Amino acid sequence: MNGGPSGFHNAPVTKAFVITSALFTVLFGIQGRSSKLGLSYQDIFEKFRIWKLITSSFVFSSTPELMFGLYLLYYFRRQIGSNKYSVFILFSGTLSLLLEVTLLSLLKDTTENLLTSGPYGLIFASFIPFYLDIPVSTRFRVFGVNFSDKSFIYLAGLQLLLSSWKRSIIPGVCGIIAGSLYRLNILGIRKAKFPEFVASFFSRLSLPSFSSSSPPTPSRNIVGTISPNTVRRAEARLLSFLSNICFRSQPAPMASSVEPSEEAIATLVSMGFDRNAARQALVHARNDVNAATNILLEAQSH
């Protein structure tokens, strides 16, 4: 399944977050402290270890959680454009952390490290747009059980959610609540954007890509609306981009004769794309919604 563009070319915010989380986890793991970073009632309300609120948002408590968590963060990197993803990270991370602290105050459980550490809020908040906005492109059956190309991501999320049982389930549920509230556009949060210098800061902060042979690939921005001027510019860029594709790869003549289905067009239109541009992209993508989405996003990114 194509989870997004190769590498982090158009996901500087996610790249910075993943690198920070990985480095912090390795650093605390070397010191033997990663398993002690979970939150507890005593830490917050009796010993006032506020620094744990910050470290617990980045550091995973074990290597398996680190592997599954970073994979999911990497996979979800293109669901929201870089600028709005900064807002998404801040909103979902902060809100899920507040929910966790509220639960600790209500439960008053004296168990040490009641809640596991790691960016569970951001990861499970990302499952909301993944479930609602990313279409299924492939379905198949294994031993009589129906699966789709999204099933493996759900299984990876389930593995992470149950990795520490109650200690990981509570932060995961808090993240799902935070993602749902973002989706419901509480206080108009989905329209909020950081100044451009914030996104450019992350772009400069991100390390260069190790792969110089592959061309830049699209980021995904499925949140918000597109202005008419942007649509016209996107259509012009789309035509230029499709011409370049035809010139470079010389697709078979039959590709342009494929008539896209109304369902596929409606799926792209629901993501905010112009209907005519969506139809042209589907023609060149042979009615593949994921490939057409990549074409449209590539056109907008130029």
Does region 34-103 come out rounded, prolate or oblate by the C-alpha gyration tensor, with a ≥ b ≥ c the root eigenvalues, rounded set by a/c under 1.5 and, if not, prolate when a/b is larger than b/c and oblate if not?
-> oblate
Gained length - residue 98 relative to residue 275, 0.36 nm times residue gap less alpha-carbon distance = 59.6 nm
Which of the lysines could be linked to residue 84 by a straight reach, that is with a Cα gap under 27 Å, when you skip same-chain ones fewer than 8 residues away?
-> 15, 52, 150, 191, 193
Counting only heavy atoms of the protein chains, get the accessible area per residue of region 13-144 (1.4 Å probe) and round it to a whole Å² value.
-> 45
Classify region 57-196 as rounded, prolate or oblate, taking a ≥ b ≥ c as the square roots of the eigenvalues of its Cα gyration tensor: rounded when a/c is under 1.5, otherwise prolate if a/b is larger than b/c and oblate if not.
-> oblate
Loop-located GluC sites (Glu not before Pro) in region 55-135 whose Cβ has at most 16 other Cβ within 10 Å (DSSP) | 112
How about region 44-138: which chymotrypsin sites (Phe, Trp or Tyr not before Pro) there are in a DSSP loop, with at most 16 other Cβ atoms within 10 Å of their Cβ?
-> 48
Given the Cα-Cα distance of residue 27 and residue 187 and 0.36 nm per residue of separation, how much length would full extension add, in nm?
-> 53.9 nm
Given the Cα-Cα distance of residue 35 and residue 108 and 0.36 nm per residue of separation, how much length would full extension add, in nm?
-> 24.2 nm
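The values are calculated or read from the model by the stated rules, or taken from the named source; none is laboratory data. Just so you know, these numbers come straight off a predicted model, no measurement behind them. Don't worry about glycine lacking a Cβ; one is built from the backbone with ideal geometry, like all the others, and counts go over all protein chains shown. When the accessible area is computed, the model is the full protein with side chains, heavy atoms only, and any ligands, DNA or RNA have been set aside. Shrake-Rupley method; radii C 1.70, N 1.55, O 1.52, S 1.80 Å.
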